[in-house]
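Each reported figure results from applying straightforward, stated rules to the coordinates on display, with no laboratory input. On a predicted model such as this, the values are computed, not experimentally measured, just so you know. As a convention, Cβ positions derive from the backbone with ideal geometry for all residues, glycine included, and neighbour counts pool all protein chains shown.
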Amino acid sequence: MNQEYLGEIANMRMPFGKYSGRRLIDLPEEYLLWFRKKGFPNGKLGTLLEMTLEIKIEGLEKLLEPLKK
C-alpha cells in the first residue's frame, strides 16, 4: 500500500451519501461491504474505499490513527 493513500484514507472525508463528511477510515465496515456488493465508485475514491475495507477486514485501522490530522 502506498503511504500517500494511507494518509488519504485516514483524512479524506466521504463526499456523498449517508456518511457524508465522515473520514474514510471511520466508515462502518457494513457500509464498505455494501459498496463491494453494489460496486465501488470509479476512480480514486473507489480505490480508497476498497483499500479501507481491506484495512478494516484485517483489523489494521488502529495503525492509521497517527496519520489523522
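Can you name the number of the only condition in (1) under 16 Å from Lys69 (Cβ atoms); (2) touching a residue at least 24 places away in the same chain (Cβ under 8 Å); (3) basic (Lys, Arg) that Arg22 fails?
(2)
Considering only the stretch 47-69, state which residues are closer than 15 Å to Asn2 by Cβ and of a type outside the set (A, V, I, L, M).
Thr47, Glu50, Thr52, Glu54
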